[in-house]
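**Student:** Dropping the structure in here first, questions after.
The values are calculated or read from the model by the stated rules, or taken from the named source; none is laboratory data. For clarity, every value in this text was computed on a predicted model and none was experimentally measured. Don't worry about glycine lacking a Cβ; one is built from the backbone with ideal geometry, like all the others, and counts go over all protein chains shown. The accessibility values were calculated without ligands, DNA or RNA, using every heavy atom of the protein model including side chains. Shrake-Rupley method; radii C 1.70, N 1.55, O 1.52, S 1.80 Å.
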Amino acid sequence: MRVLFVNSPGLGHIFPSVPLAHALTAAGHDVLFAQGGDVGAVAAAGVNVVDVTPGLDYATVFRPEEIDFSVDGGDEFVAALFARVSGVTVDRLLEVARGWSPDLIVHSPLQGAGPLVAGALGVPAVSVVTGPADSAPLIAGLMRDHMKEHYVRHDVAPVPAPGFRLNSIPPSLLELLPERVRAEDDVPFRYVPFNGNGELPGWLLEPPRRPRIAVTLGSIAGLWGGLAVLAPLVASAAGTDAEFVVTLGGGDPSLLGELPPNVRTVDWLALGPLLRTCHGLIHHGGSGTSAVAMAMGVPQCVMPLSPDQKDNERAVVERGIAIGTSAGVVGTAEFRALLEDEGMRAAAAEVRDEAAAMPSPAALVGRLESLV
């Protein structure tokens, strides 16, 4: 079986599907990623990849300077934005797919070119849902509407391809979500943390001398100048008896201000190995970041930077595994909660065990084979 992976640009959209790709490869199937954006990270994950938008700066497609992140545009806004982002990949993706002849397409929920390519080739499509922010089933239909010109250009009917959704949201969180973001026929799928490969620093392999808290804004905000929002947090860290590890994600460390002695910065570090040593995680509310913390059983402090991240925040706060705040006010009280709130830590352990009981990527290979 040949499986073509088609994801939205950005590591948070790409990484959740990598363990599934590894499972398919281990089972003897051929895997290829056709990808725009972070193709280097895909290649480093040990899978073959074709860059379908070489040289494209996706910031010019997302156009963040035109987005008011204080306003929740809802599913319609998300669909329109990612339909635009998906549209730039359609032509080259179809060329790659027709040349490679996949039997199955696996795609991230917001990569609308995946279903289009599946429809053009007459093969099934499977999407991989990571968090509440991209899980509303109606988004797929909205994206088809916004991509109608591409369906017409390539003479593809804008209808759903056969297949299903793999959903890695733990059941107890899923039950708390509004009905609009749930689908009755989703297939449960264990989220296996994968955040890239690389050499781990020696200090990460040593027992921490005091409790450790990780801080991250994911893989996008740092590149777009977002690290400045962490300056108040960094200043407050000096008064807490803990070590703070701030991942820069390619951002400018000078935006953090003067670093107290108990704050360490790293440009890039896989989140899974880091969280194994941590008492808590402070982050922006990205679906992948939340999922890693849940898989590791680590309490979270979520400070959303955009409306979609507020959906993720609401879910983890309501489940009792996180506290919510904003970047400008996070400080000693939030640090203390991550270090001392045993109720939150117990709930995080429950969700960790719940997630671990979901079918693994390897266990779902047969289910994917049955589609072909």
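**Student:** Starting from residues that are without any contact (Cβ under 8 Å) to a residue 60 or more places away in the chain and open to solvent by 80 Å² or more (accessible area, probe 1.4 Å), keep the ones in the range 154-175 and report whichever is nearest to GLU95 (Cα to Cα).
**Tutor:** This residue is ASP155.
**Student:** Of everything in the range 26-56, what is open to solvent by less than 20 Å² (accessible area, probe 1.4 Å), of a type outside the set (Gly, Ala, Ser) and more than 18 Å from ASP103 (Cβ to Cβ)? Give them in sequence order.
**Tutor:** GLN35, VAL42, VAL52, THR53
**Student:** Can you tell me which condition SER290 does not meet? The list is (1) without any contact (Cβ under 8 Å) to a residue 40 or more places away in the chain; (2) polar (S, T, N, Q); (3) open to solvent by less than 20 Å² (accessible area, probe 1.4 Å), and all the others hold.
**Tutor:** (1)
**Student:** Residues in the range 241-257 that are open to solvent by 20 Å² or more (accessible area, probe 1.4 Å) and in contact (Cβ under 8 Å) with a residue 24 or more places away in the chain: how many?
**Tutor:** Let us first name the residues in the range 241-257 that are open to solvent by 20 Å² or more (accessible area, probe 1.4 Å), namely 241, 243, 250, 252-255, 257.
Next cut, in contact (Cβ under 8 Å) with a residue 24 or more places away in the chain only: 241, 243, 250, 252-253, 255, 257.
So the answer is 7.
**Student:** In the range 60-81, is there at least one residue being modelled with pLDDT of 95 or more and open to solvent by less than 20 Å² (accessible area, probe 1.4 Å)? Spell out how you get there, then give the answer.
**Tutor:** Of the residues in the range 60-81, the ones modelled with pLDDT of 95 or more are none.
Looking for residues that are modelled with pLDDT of 95 or more and open to solvent by less than 20 Å² (accessible area, probe 1.4 Å), one finds none in the range 60-81, hence no.
**Student:** While we're here: When only residues in the range 156-174 that are of a type in the set (Gly, Ala, Ser) and in a loop (DSSP other than H, G, I, E, B) count, which is modelled with the lowest pLDDT? Steps first, answer last, please.
**Tutor:** The first filter runs over the range 156-174 and keeps only residues of a type in the set (Gly, Ala, Ser), leaving 157, 161, 163, 168, 172.
If we keep only those that are in a loop (DSSP other than H, G, I, E, B) as well, we get 157, 161, 168.
Working: ALA157: 94, ALA161: 89, SER168: 94.
The extreme case among them is ALA161.
**Student:** Are there any pairs with C-beta distances below 8 angstrom linking a residue in the range 312-340 that is within 17 Å of SER172 (Cβ to Cβ) to a residue that is among the β-branched types (Val, Ile, Thr) and not in a helix (DSSP H, G or I), with the two at least 6 apart or on different chains, and if so which?
**Tutor:** Within 8 Å, the pairs are ASN312/VAL302; GLU313/VAL302; ALA315/ILE169; VAL316/VAL302; VAL317/VAL302; VAL317/ILE323; ALA322/VAL302.
**Student:** Sticking with this one: What about GLY272, is it open to solvent by 10 Å² or more (accessible area, probe 1.4 Å) and not basic (Lys, Arg)?
**Tutor:** On the way: open to solvent by 10 Å² or more (accessible area, probe 1.4 Å): no; not basic (Lys, Arg): yes.
When the stated conditions are applied, GLY272 does not pass them.
**Student:** Output the qualifying pairs, or none if there are none: Cβ atoms under 7 angstrom, residues six or more apart or on different chains, first residue in the range 41-58 and without any contact (Cβ under 8 Å) to a residue 12 or more places away in the chain and closer than 20 Å to GLY249 by Cα, second residue of a type outside the set (Phe, Trp, Tyr) and surrounded by 19 or more Cβ atoms within 10 Å (Cβ to Cβ).
**Tutor:** ALA43/VAL49
**Student:** Within the range 355-372, which residues are within 19 Å of ALA293 (Cβ to Cβ), part of a loop (DSSP other than H, G, I, E, B) and either without any contact (Cβ under 8 Å) to a residue 40 or more places away in the chain or open to solvent by 40 Å² or more (accessible area, probe 1.4 Å) (or both)?
**Tutor:** ALA357
**Student:** Something else: State yes or no: is LEU204 of a type in the set (A, V, I, L, M), touching a residue at least 12 places away in the same chain (Cβ under 8 Å), crowded, with 21+ Cβ neighbours inside 10 Å and in a helix (DSSP H, G or I)? Outline the logic, then answer.
**Tutor:** Details: of a type in the set (A, V, I, L, M): yes; touching a residue at least 12 places away in the same chain (Cβ under 8 Å): yes; crowded, with 21+ Cβ neighbours inside 10 Å: no; in a helix (DSSP H, G or I): yes.
It is false that LEU204 is of a type in the set (A, V, I, L, M), touching a residue at least 12 places away in the same chain (Cβ under 8 Å), crowded, with 21+ Cβ neighbours inside 10 Å and in a helix (DSSP H, G or I).
**Student:** Oh, and also: Would you please name the residue that is farthest from LEU81 (Cα to Cα), looking only at residues in the range 108-126 that are in contact (Cβ under 8 Å) with a residue 60 or more places away in the chain and within 22 Å of the chain's Cα centre (by Cα)?
**Tutor:** Out of the qualifying residues, it is VAL126.
**Student:** Moving on. Working only within the range 312-354, note down all residues that are part of a helix (DSSP H, G or I) and among the polar types (S, T, N, Q).
**Tutor:** Hits for the range 312-354 are ASN312, THR332.
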